[in-house]
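Asker: Sending over a structure as structure tokens; questions will come in a sec.
The values are calculated or read from the model by the stated rules, or taken from the named source; none is laboratory data. All figures in this text were calculated on a predicted structure; none of them were measured in a lab. With ideal geometry, Cβ positions are generated from the backbone for all residues, glycine too; neighbour counts draw on all protein chains shown. Heavy atoms of the whole protein, side chains included, go into the accessibility calculation; ligands, DNA and RNA do not. Shrake-Rupley method; radii C 1.70, N 1.55, O 1.52, S 1.80 Å.
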Amino acid sequence: MESAESAEPVAGLVDGVDAVVLDFYGTLVRMVPPLPPTHDSVLRRRGLHTAADNWGEMWSAGPADGEDHREHSVSEAAYRAWEVDRLRRRALDRGVPAELAGEVAAELDRATKTLTLELFPDVLASLARLRGRGLRIVVCSNWFWDLDRAVDGAGLGELVDTCVASARAGARKPHPLIYRAALDACGTTPGRTLFVGDMWEPDVLGPLAHGMRAVHLYRPDRAVQGAAPALPRGAARIATLRTLTDPA
């Protein structure tokens with residue numbers, strides 16, 4: 001592992017690349033009020049207090065980072081059924097009565113996806129400048145089946161060429177399968193592709209291992225706290241997307 005001082009300089013990050021792949025949540029958008037109902041609140045409203053006590057963190061109920069689920073990603077219907085069935089099985093394991101488990105799982109699934117998203121202030125101008133340089137822009141995210149609709153809903157439809165969602169790719173970052181799908185979407189080689197995101201393993205180490213260049217977006221108002229790891233060779237760190245095209 002190289003030190004931050006010996007990693008790639010910030011200037012010229014997009015020099016020599018044909019495509020920029022960006023993570024979605026935490027990189028382009030953040031969650032704002034009204035916040036989604038928590039799984040805990042859904043369970044307690046139904047009087048399922050034992051299940052709520054044993055449920056665990058809400059977001060841990062979904063697929064894990066790096067998980068290969070291509071057998072369930074054959075169609076939108078198959079994937080959505082798998083999402084709900086995961087929650088149903090978890091509910092049963094946590095003590096939800098069998099006659100309620102399916103109904104509860106469907107409500108928990110809706111709660112997980114009831115998100116209000118807002119663009120970070122630097123996104124529109126930064127992506128427009130990247131497009132102005134003739135670069136292909138791809139969003140690659142550990143996300144639900146409808147990533148393209150979420151991107152459009154955030155107002156990015158005209159600035160993004162295509163989206164690669166883990167739900168459709170069949171695996172979640174940092175699994176190699178989703179990076180291959182992103183490169184196919186870019187129509188580029190790994191060495192001509194820059195990956196930008198806020199998560200360390202999915203957005204930095206994973207792309208680097210697949211031959212891409214990587215930029216760690218370490219926003220001052222990031223959702224994930226903690227010290228930034230030392231940068232490996234081939235990676236850079238920025239605090240705003242504006243730095244991609246305007247280092248000053």
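Asker: Using a 1.4 Å probe, how large is the accessible area of residue 68, given in Å² and rounded to the nearest 10?
Answerer: The accessible area comes out at roughly 70 Å².
Asker: How large is ³J(HN,Hα) for each residue in region 214-227, as worked out from phi by the Karplus curve 6.51 cos²θ - 1.76 cosθ + 1.60 (θ = phi - 60°), to whole Hz, x for Gly and Pro?
Answerer: Result, rounded to whole Hz: 9, 10, 8, 8, 10, 5, x, 9, 5, 6, 8, 8, x, 5.
Asker: Can I ask one more? Grab every C-alpha pair in the chain, bin the distances at 5 angstrom width from 0 up to the longest one, and report whole percents.
Answerer: Percent of pairs per bin, in order: 1, 6, 13, 17, 17, 16, 11, 8, 5, 3, 1, 0, 0.
Asker: Hey, what did region 180-230 get for relative contact order, percent, Cα under 8 Å, at least 6 apart?
Answerer: In percent, rounded to a whole number, it is 30.
Asker: Of 158, 67, which has the most accessible area with a 1.4 Å probe, and how do the rest follow in descending order?
Answerer: 158, 67
Asker: Another one. Any idea what the dipole of the chain comes to, in debye rounded to 20, about its Cα centre with Lys/Arg Cβ at +1 and Asp/Glu Cβ at -1?
Answerer: The dipole of the chain has a size of about 100 debye.
Asker: Can you tell which of 123, 21, 105 lies farthest toward the positive end of the dipole of region 17-139, using +1 and -1 charges on the Cβ of basic and acidic side chains (Lys, Arg; Asp, Glu)?
Answerer: Working it through, the farthest residue towards the positive pole turns out to be 123.
Asker: Determine the percent antiparallel among the DSSP beta bridges restricted to region 1-144, to the nearest 5.
Answerer: If we restrict to bridges inside region 1-144, about 40 percent are antiparallel.
Asker: Looking at 37, 50, 62, which one has the Cα that reaches farthest to the positive end of the dipole of region 1-110 (charges on Cβ: Lys, Arg +1; Asp, Glu -1)?
Answerer: 50
Asker: Along region 61-76, what does the Karplus equation 6.51 cos²θ - 1.76 cosθ + 1.60 (θ = phi - 60°) give for ³J(HN,Hα), rounded to whole Hz, x for Gly and Pro?
Answerer: Computed from phi, the couplings for region 61-76 are 6, x, x, 7, 4, x, 6, 9, 10, 4, 5, 9, 9, 6, 7, 4 Hz.
Asker: Counting only the heavy atoms of the protein chains, how much of residue 163 is accessible to a 1.4 Å probe, in Å² to the nearest 10?
Answerer: 40
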